[in-house]
Each structure stands twice: as C-alpha cells, then as structure tokens.
Amino acid sequence: MAAQAPSAGEKCVFCDIVNQRSPAWVVFEDASTMAFLDIFPFTRGHLLVIPKRHGARLTDLPFEDQMALIRSLDEVCRRVERLTSDYNVALNAGAKAGQIVFHVHFHVIPRYGESNPFRATSRAPLTEPEARALIAELSAP
C-alpha cells in the first residue's frame with residue numbers, strides 16, 4: 001500500500017520511506033503499517049511505528065487503519081521485549097505536544113535504567129553496525 005499523499009506543497013519523510021524514496025532500517029512491515037529504527041535514537045532500539053496511509057494525527061485515520069496501527073504497535077512492543085522488559089510508548093499529536101514529523105507515529109523507546117533519555121541535548125546518530133545488529137535482534141518473528 002503506497003502512502004496517501006500529504007496536503008499540496010507538503011513533503012513527508014515518512015511517506016517517502018513508505019514509498020521507498022528515502023531509506024530506513026525497517027524492522028516490521030505489513031500491508032498497512034511499518035516500523036523502523038529512529039536515526040537519532042533516545043536509547044538503543046528506539047523505533048517508530050507508522051501507518052502507510054498519511055495522516056497527521058491518529059484521529060485523521062480511518063478506524064481500520066487505527067486498529068492496524070495498534071496491532072503493529074503490539075507486535076513491535078513484543079519484539080522490543082527481546083531487548084528489555086521496560087520501554088515507553090509515546091504519541092505526540094501536534095506541534096505543542098512535540099510532534100515534529102506530521103505523519104502519525106508511535107515511538108517505542110526501550111529503557112535500560114538511564115536517568116532520563118528525553119534530554120534536550122543532541123542525540124547521536126544511529127550507526128550502520130548498530131542498525132544491522134538491531135535488525136537481526138528485532139526483525140525475526
């Protein structure tokens with residue numbers, strides 16, 4: 001399923017990933033959703049879970065797409081439990097809530113006992129060796 005286009009004049013990096021115009025380290029994909037590694041992770045294994053259909057907010061999606069997204073979120077959380085039993089799931093809806101990419105997405109952020117991974121300092125980019133190791137740990141059913 002190709003991503004539905006954002007509004008005229010808008011560019012959406014997540015739609016570009018869905019349509020294979022931008023690269024991503026994909027961990028999970030089905031007909032309606034995909035999950036990939038965040039390229040500036042808060043912690044090791046930080047993932048984004050998105051619908052393939054474009055919508056800025058969860059409430060912009062048809063109910064069936066919302067349910068598909070939640071099913072995929074469940075699958076991804078189960079895979080993250082291979083890394084750690086502790087994790088955050090977050091959805092930022094709107095600029096004032098911290099949303100930067102206006103294509104609905106859940107963050108799944110593994111926690112390893114660090115004090116506060118949501119710090120304002122810059123985050124180190126994901127390296128290719130780390131991405132490959134995480135893909136191996138998280139992709140297989």
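Where a number appears in this text, it was derived from the coordinates with a stated rule and is not lab data. These numbers come from a predicted model, not from an experiment. Note that each Cβ is placed from the backbone with ideal geometry, even for glycine, and that neighbours are counted across all protein chains shown.
Between the Cα long axis of helix 63-80 and the first principal axis of the chain there is an angle of about 10°, rounded to the nearest 10. Computed from Cα positions, the angle between helix 128-139 and the longest principal axis of the chain comes to roughly 80 degrees. Among 34, 67, the ranking by other beta carbons within 10 Å of each residue's beta carbon, starting with the fewest, stands as 67, 34. Site pair residue 132 and residue 116 shows an inter-label distance of 3.7 nm when each label is modelled 7 Å from Cα along Cα→Cβ. Per-residue ellipticity at 222 nm, computed for the chain from helices alone with -39500 (n - 2.57) per DSSP H run of at least four residues, works out to -8000 deg cm²/dmol.
Other residues with beta-carbon under 13 Å from the beta-carbon of residue 68 carry, at +1 per Lys or Arg and -1 per Asp or Glu, a net charge of -3. Taking the charge dipole of the range 13-139 about its Cα centre, with +1 at Lys and Arg Cβ atoms and -1 at Asp and Glu Cβ atoms, the residue from 134, 113, 50 reaching farthest to the positive side is 113.
Each residue in 75, 114 was given a count of other beta-carbon atoms within 10 angstrom of its own, and listing them fewest first yields 114, 75.
Between rounded, prolate and oblate, where does the range 91-140 land on the alpha carbon gyration tensor, with a ≥ b ≥ c its root eigenvalues, rounded for a/c under 1.5, else prolate if a/b exceeds b/c?
prolate
Mean sequence separation of contacting Cα pairs (under 8 Å, at least six apart), scaled by the length of the range 13-139, corresponds to a relative contact order of 30 percent. In terms of its C-alpha gyration tensor, the range 60-116 comes out oblate, because a/c is 1.5 or above while a/b does not outweigh b/c.
For Rg/Rh (Cα atoms, Kirkwood Rh), the value calculated from this model appears in (i) 0.98; (ii) 1.11; (iii) 0.94 under label (iii).
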